[in-house]
């Protein structure tokens with residue numbers, strides 16, 4: 001189940017918030033998860049949301065904050081790109097096209113939490 005946290009937080013603060021609720025930032029295992037997250041975002045007042053994808057451990061490559069396998073990709077064309085040479089090690093998704101973008105982790109954005117058994121709610 002998912003939670004749309006419309007409060008704007010850094011990626012790490014958003015992850016900690018999700019963990020405090022017993023979940024984690026949303027991982028995307030395939031197109032069904034992606035469609036669900038897209039629908040949730042379309043009803044949000046925020047246009048960008050953190051999800052759990054990150055490359056904070058540069059040696060491991062892209063991974064999900066909940067430890068699930070990173071085998072599905074939904075990058076916008078040209079992403080990930082570390083735009084301007086900045087360390088863009090976290091993933092956000094955009095309401096306009098639902099694609100993934102790499103982003104500086106310290107930017108403040110809304111976020112989507114995922115937890116087994118959590119009802120869909122806005123926070």
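Taking 8 Å as the Cα distance limit and 6 or more residues as the minimum spacing, I'd like the relative contact order of the chain as a percentage.
Values: 250 pairs, mean separation 56.0, N = 123.
Relative CO of the chain lands at 46 percent.
Taking neighbour Cβ counts within 10 Å as the exposure measure, how do 49, 17 sort from fewest upward?
Details: 49 25, 17 18.
Ordered from fewest to most neighbouring Cβ atoms within 10 Å, 49, 17 come out as 17, 49.
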TODO: Quickly rank 30-37, 80-87, 7-14 as a protection proxy: mean count of other C-beta atoms within 10 Å, highest first.
DONE: 7-14, 30-37, 80-87
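Nearest 5 is fine: what % of DSSP beta bridges in the chain come out antiparallel, could you say? Mind dumping the intermediate values first?
Values: 17 of 22 bridges.
Within the chain, antiparallel bridges account for around 75 percent of the total.
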TODO: Rounded to the nearest 10 degrees, what's the angle between the helix 31-42 long axis and the longest principal axis of the chain, both from Cα atoms, 0 to 90?
DONE: 70
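Can you tell me the length gained on complete extension of the stretch residue 106 to residue 68, counting 0.36 nm per residue apart and subtracting the Cα distance?
Working: separation 38, 0.36 × 38 = 13.68 nm, distance 2.30 nm.
Residue separation times 0.36 nm, minus the Cα-Cα distance, leaves 11.4 nm.
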- [ ] Return one number: the angle in degrees, 0 to 90 and rounded to the nearest 10, between the long axis of the Cα atoms of helix 11-20 and the longest principal axis of the Cα atoms of the chain.
- [x] 30
- [ ] Could you calculate the contour length gain from residue 12 to residue 60, that is, 0.36 nm times the residue separation minus the distance between their Cα atoms, to one decimal place in nm?
- [x] 15.5 nm
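Every number in this text was worked out from the coordinates using simple rules, so none of it is lab data. Predicted model only: the values in this text are computed from it and were never measured. Positions of Cβ are backbone-derived with ideal geometry, glycine not excepted, and every protein chain shown enters the neighbour counts.
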